[in-house]
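Peer 1: Okay, here's the structure, questions in a sec.
The values are calculated or read from the model by the stated rules, or taken from the named source; none is laboratory data. Predicted model only: the values in this text are computed from it and were never measured. Counting neighbours? That spans all protein chains shown, and the Cβs are built from the backbone with ideal geometry, glycine included.
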Amino acid sequence: MYISETHVRVRYGETDQMGYVYYGNYASYFEVARVESLRQLGMTYKELEEMGVMMPVLENRSKYLSPALYDDRLKIVTTIRDKPGVRIRFEYEIFNEAGKLIHQGETMLVFINKTSGRPCKPPEAFDKVLEPFFK
């Protein structure tokens, strides 16, 4: 299992009339956390694309527990619980500055060969960086 942490600060434009983070922005927070979790592993989305692989989102799930507010510094804990095959599942827990769990989510992505447009296994280099977490 691989776990990483990413921090984001809520910007004014991400809030609604009530001062809460607009629900659609959580998908963007998930993307930031996903990209940074891979970067912390030593592999970037850009490198995966250069290896001929794209990773579109198949599923996106959110569970809203408490609102995030303007200027909150959020901690996003990203977990890859299972070794990826053709698909990879990311789980997210978002905490406010007080350490309160305010949001849970999950995305399922698929590895796609850029040339054929067909699902494929992750590149060997990606498997290699994840290997120590799934022994």
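Peer 1: Of all residues in region 16-28 being in contact with a helix residue (DSSP H, G or I) (Cβ under 9 Å, 6 or more places away or on another chain) and outside any loop (DSSP other than H, G, I, E, B), which is surrounded by the fewest Cβ atoms within 10 Å (Cβ to Cβ)?
Peer 2: Within region 16-28, the match that is surrounded by the fewest Cβ atoms within 10 Å (Cβ to Cβ) is Ser28.
Peer 1: To continue, here is another question. Checking the condition in contact with a strand residue (DSSP E or B) (Cβ under 9 Å, 6 or more places away or on another chain), of a type in the set (A, V, I, L, M, F, W, C) and farther than 30 Å from Thr15 by Cβ, which residue from Met54, Met108, Met43 passes? Walk me through it before giving the result.
Peer 2: Values: Met108 fails: farther than 30 Å from Thr15 by Cβ; Met43 fails: in contact with a strand residue (DSSP E or B) (Cβ under 9 Å, 6 or more places away or on another chain).
The unique qualifying residue is Met54.
Peer 1: Continuing with this model, one more query. Against the definition (buried (at least 18 other Cβ atoms within 10 Å of the Cβ), under 27 Å from Lys135 (Cα atoms), in contact with a helix residue (DSSP H, G or I) (Cβ under 9 Å, 6 or more places away or on another chain) and hydroxyl-bearing (Ser, Thr, Tyr)), how does Thr44 come out, yes or no?
Peer 2: Numbers: buried (at least 18 other Cβ atoms within 10 Å of the Cβ): no; under 27 Å from Lys135 (Cα atoms): yes; in contact with a helix residue (DSSP H, G or I) (Cβ under 9 Å, 6 or more places away or on another chain): yes; hydroxyl-bearing (Ser, Thr, Tyr): yes.
Here the answer is no, as Thr44 does not meet what is asked.
Peer 1: Are any of the residues in region 59-67 more than 30 Å from Asp16 (Cα to Cα), under 14 Å from the mean Cα position of the chain (by Cα) and either surrounded by fewer than 15 Cβ atoms within 10 Å (Cβ to Cβ) or charged (D, E, K, R) (or both)?
Peer 2: Within region 59-67, the subset more than 30 Å from Asp16 (Cα to Cα) is none.
Among the residues of region 59-67, not one is more than 30 Å from Asp16 (Cα to Cα), under 14 Å from the mean Cα position of the chain (by Cα) and either surrounded by fewer than 15 Cβ atoms within 10 Å (Cβ to Cβ) or charged (D, E, K, R) (or both), which makes the answer no.
Peer 1: Would region 80-94 turn up any residue that is among the hydrophobic types (A, V, I, L, M, F, W, C) and either over 18 Å from Tyr2 (Cα atoms) or free of Cβ contacts under 8 Å to residues at least 12 places away in the same chain (or both)? Outline the logic, then answer.
Peer 2: Initially, region 80-94 is screened for residues among the hydrophobic types (A, V, I, L, M, F, W, C), giving 80, 86, 88, 90, 94.
The next check asks that each one be either over 18 Å from Tyr2 (Cα atoms) or free of Cβ contacts under 8 Å to residues at least 12 places away in the same chain (or both); those that pass are none.
Among the residues of region 80-94, not one is among the hydrophobic types (A, V, I, L, M, F, W, C) and either over 18 Å from Tyr2 (Cα atoms) or free of Cβ contacts under 8 Å to residues at least 12 places away in the same chain (or both), which makes the answer no.
Peer 1: Which count do you get for residues in region 27-58 that are under 22 Å from Gly117 (Cβ atoms), within 12 Å of the chain's Cα centre (by Cα) and acidic (Asp, Glu)?
Peer 2: Count: 1.
Peer 1: Let me ask you something else. Under 18 Å from His7 (Cα atoms) and either aliphatic (A, V, I, L, M) or modelled with pLDDT under 95 (or both): does that describe Val77?
Peer 2: Working: under 18 Å from His7 (Cα atoms): yes; either aliphatic (A, V, I, L, M) or modelled with pLDDT under 95 (or both): yes.
So Val77 fits the description; yes.
Peer 1: For region 109-122, name all the residues that are within 25 Å of Ala27 (Cβ to Cβ) and in contact with a Phe, Trp or Tyr (Cβ under 8 Å, 6 or more places away or on another chain).
Peer 2: Correct list: Leu109, Pro119, Cys120, Pro122.
Peer 1: For region 3-15, name all the residues that are surrounded by fewer than 13 Cβ atoms within 10 Å (Cβ to Cβ) and not in a strand (DSSP E or B).
Peer 2: Those that are surrounded by fewer than 13 Cβ atoms within 10 Å (Cβ to Cβ) and not in a strand (DSSP E or B): Arg11, Tyr12, Gly13.
Peer 1: Across region 90-99, which residue is surrounded by the most Cβ atoms within 10 Å (Cβ to Cβ) among those that are more than 9 Å from the chain's Cα centre (by Cα) and in a strand (DSSP E or B)?
Peer 2: Narrowing region 90-99 to residues more than 9 Å from the chain's Cα centre (by Cα): 93-99.
In the following step, the residues that additionally are in a strand (DSSP E or B) were identified as 93-95.
Values: Glu93: 18, Ile94: 28, Phe95: 19.
The qualifying residue surrounded by the most Cβ atoms within 10 Å (Cβ to Cβ) is Ile94.
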